[in-house]
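I have placed the structure first, in the form of structure tokens, so that the comments after it can refer back to it.
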Amino acid sequence: MSAPLLFKNRVMTPGPTDVPPEVLLEMAKPIIHHRTKEFQGIFQELSEGLSRLFRTSGPVLSIAGSGTTAFEAAQTSLVKPGTKALTIAGGKFGERWQDIYETYGVEQVQINVEWGKAVDLGAVEAALNEHSDISVITVVHSETSTATASDVKGIAELASKTDAILIVDGITAVGALPVEMDAWGIDALVTGSQKSMMLPPGLGFVGLGERAIARLGETDGIANYNLDLRKWLKSHANKDVPFTPPVGLVRGQNVALKIVERVGLENVWARTAKLAEATRVAFGAMGLKPASESPSDSVTGAYYPDGVSDGAFRAAVRDNHGMAIAGGQVGRNGDFKGKVFRVNHMGYVDAGDTLASLLAIETELIAAGVEIEAGTALAAAGGVLCG
Ligand SMILES: *Cc1c(COP(=O)(O)O)cnc(C)c1O
């Protein structure tokens, strides 16, 4: 093979994702103490920016940890002991939220959807009608493991007619896909720093609506210390956090949010959607079968053609093109391991990165013996991106 054309390193996995240079530089600033006016100012700015990003007039809490920490905090703080949780899963992450309630011994009504499909609203409505003692619902907006988007707006509408609090995993949705926390009536919206937020891993975020705040006032949730959202909410009102925050990440997130505001959130959504569309069209032109019947715009997954080995293919993409892409995962109710690969469209990604990913993928599929006319993917993507 001739020398590869790509020689920059690119992280094109659906988390962690690339971080803009301005954010990296901000995080390199000398450490400051967090119990100071200076930190309070930075934290206040971050909190206001997060509320705008979440499209809520309510608070968004910033919790040290990964997305899982923030989601576990919402799950344990908002469930009423002695009631049931309706847990919707169609992939690895939905199954994780089921595992967490299992760990705490919370009784569940599970809706398990075939991997690659979105949950049917009728099934959610039926479960809510059948069990009047459901106090929380968990759902994943963009199931990253299967590259699938669900109708969170529809589920929020159903939840709002009941006493159940809806906790949405927005970890690859907020800042990538249109999500309207207040307008849709989402009670608790969670995300993490290393996917669409353009930050390294280490911060989780929980937005709380009025019903969720009321719930925190009327129940102790499940016994917990660090993850008790009542502590975080109380501190938040004083522009503060209960425990030592990752100051560098807080600073960096502020700068990343300013980049989003400079571009405009709607424009970020539109760019993400365009890059996803270009990728789907290019994959289709190469004859690849999509991993999802209800594709998310933040990540695209496709099945490997027969005869292509996941390990060898992704190693070739990495070694020959400096590019990290993701493989498939395996869970309780599905198995995409070795069968699909996934490419990111969230955050600090542009058309150049997307075209580079398609060049690498097409080159290595051809090298693996797949019959594709050279240039097919790039021409197809170009048709979308130039239009
Ligand atoms: C990455 C991811 C998670 C887990 O987040 P961590 O930061 O790894 O804990 C949960 N849900 C979705 C949809 C994700 O993409």
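The values are calculated or read from the model by the stated rules, or taken from the named source; none is laboratory data. Here the structure is a predicted model, which is why all the values come from computation and not from measurement. We place every Cβ from the backbone using ideal geometry, glycine too, and count neighbours over all the protein chains shown.
Within the stretch 235-252, track down each residue that is aliphatic (A, V, I, L, M) and assigned to a helix (DSSP H, G or I). Even if it seems obvious, please write down each step before you answer.
Keep residues of the stretch 235-252 that are aliphatic (A, V, I, L, M), which gives 237, 241, 247, 249-250.
Those that are aliphatic (A, V, I, L, M) and assigned to a helix (DSSP H, G or I): Ala237, Val247, Leu249, Val250.
Going through Thr69, Thr56 one at a time, which residue ends up being more than 10 Å from the ligand (Cβ to nearest atom) and of a type in the set (Val, Ile, Thr)? Break it down stepwise before answering.
Numbers: Thr69 fails: more than 10 Å from the ligand (Cβ to nearest atom).
Exactly one residue qualifies, and that residue is Thr56.
Report whether or not Leu86 is out of contact with any Lys or Arg (no Cβ under 8 Å at 6 or more places or on another chain), more than 16 Å from the ligand (Cβ to nearest atom), in a strand (DSSP E or B) and outside the structural domain of Met323 (by TED's automatic domain parsing).
On the way: out of contact with any Lys or Arg (no Cβ under 8 Å at 6 or more places or on another chain): yes; more than 16 Å from the ligand (Cβ to nearest atom): yes; in a strand (DSSP E or B): yes; outside the structural domain of Met323 (by TED's automatic domain parsing): yes.
Answer is yes for this residue.
Could you grab the pairs with beta carbons closer than 7 Å, sequence gap of 6+ or different chains, first residue in the stretch 356-384 and assigned by TED's automatic domain parsing to the domain that holds Val317 and at positive phi, second one at pLDDT below 95 and not in a loop (DSSP other than H, G, I, E, B)?
If the second residue must be at pLDDT below 95 and not in a loop (DSSP other than H, G, I, E, B), no pairs are left.
Scan Val370, Val317, Val340 and give me the residue that is hydrophobic (A, V, I, L, M, F, W, C) and under 23 Å from the mean Cα position of the chain (by Cα). First the steps, then the outcome.
Details: Val370 fails: under 23 Å from the mean Cα position of the chain (by Cα); Val317 fails: under 23 Å from the mean Cα position of the chain (by Cα).
The conditions single out Val340.
The conditions are (1) surrounded by fewer than 17 Cβ atoms within 10 Å (Cβ to Cβ); (2) of a type in the set (Val, Ile, Thr); (3) not in a loop (DSSP other than H, G, I, E, B), and Thr69 fails exactly one of them. Which is it?
Unmet condition: (1).
Against the definition (surrounded by fewer than 19 Cβ atoms within 10 Å (Cβ to Cβ), more than 11 Å from the ligand (Cβ to nearest atom), over 23 Å from Gly301 (Cα atoms) and of a type outside the set (A, V, I, L, M)), how does Glu114 come out, yes or no? Let's see the steps before the verdict.
Values: surrounded by fewer than 19 Cβ atoms within 10 Å (Cβ to Cβ): yes; more than 11 Å from the ligand (Cβ to nearest atom): yes; over 23 Å from Gly301 (Cα atoms): no; of a type outside the set (A, V, I, L, M): yes.
No, not satisfied.
Go through the stretch 181-234 and count every residue that is within 14 Å of the ligand (Cβ to nearest atom), assigned to a loop (DSSP other than H, G, I, E, B) and at negative phi.
Residues flagged as within 14 Å of the ligand (Cβ to nearest atom), assigned to a loop (DSSP other than H, G, I, E, B) and at negative phi within the stretch 181-234 amount to 9.
Could you list, ordered by first residue, the pairs with Cβ atoms under 6 Å in which the first is in the stretch 63-79 and in the same structural domain as Glu218 (by TED's automatic domain parsing) and closer than 13 Å to Phe93 by Cα and the second is within 12 Å of the ligand (Cβ to nearest atom) and assigned to a helix (DSSP H, G or I), at least 6 apart or interchain?
If the second residue must be within 12 Å of the ligand (Cβ to nearest atom) and assigned to a helix (DSSP H, G or I), the pairs left are Glu72/Ile100.
Scanning the stretch 134-151 for residues that are in contact with a Phe, Trp or Tyr (Cβ under 7 Å, 6 or more places away or on another chain) and over 15 Å from Leu208 (Cα atoms), which turns out nearest to the ligand (Cβ to nearest atom)?
If we filter the stretch 134-151 for residues that are in contact with a Phe, Trp or Tyr (Cβ under 7 Å, 6 or more places away or on another chain), which is where we start, we get 138, 140, 143-146.
With over 15 Å from Leu208 (Cα atoms) added as a condition, the list becomes 140, 143-146.
Values: Val140: 5, Glu143: 6, Thr144: 3, Ser145: 7, Thr146: 10 Å.
The extreme case among them is Thr144.
Starting from residues that are surrounded by 21 or more Cβ atoms within 10 Å (Cβ to Cβ) and of a type in the set (Lys, Arg), keep the ones in the stretch 191-234 and report whichever is nearest to Thr138 (Cα to Cα).
Arg215
How many residues are in a helix (DSSP H, G or I), aliphatic (A, V, I, L, M) and crowded, with 19+ Cβ neighbours inside 10 Å when one looks only at the stretch 301-321? Break it down stepwise before answering.
Of all residues in the stretch 301-321, those in a helix (DSSP H, G or I) come to 310-321.
Checking the rest, the ones that are also aliphatic (A, V, I, L, M) come to 312, 315-317.
Next, only the ones that are crowded, with 19+ Cβ neighbours inside 10 Å stay: 316-317.
Qualifying residue count, the stretch 301-321: 2.
A quick yes/no check of all residues on (1) free of Cβ contacts under 8 Å to residues at least 40 places away in the same chain; (2) within 21 Å of Gly49 (Cα to Cα); (3) acidic (Asp, Glu):
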| position | (1), (2), (3) |
| --- | --- |
| Glu180 | no, yes, yes |
| Thr191 | no, yes, no |
| Met198 | no, yes, no |
| Gly202 | no, yes, no |
| Phe205 | no, yes, no |
| Ile222 | no, no, no |
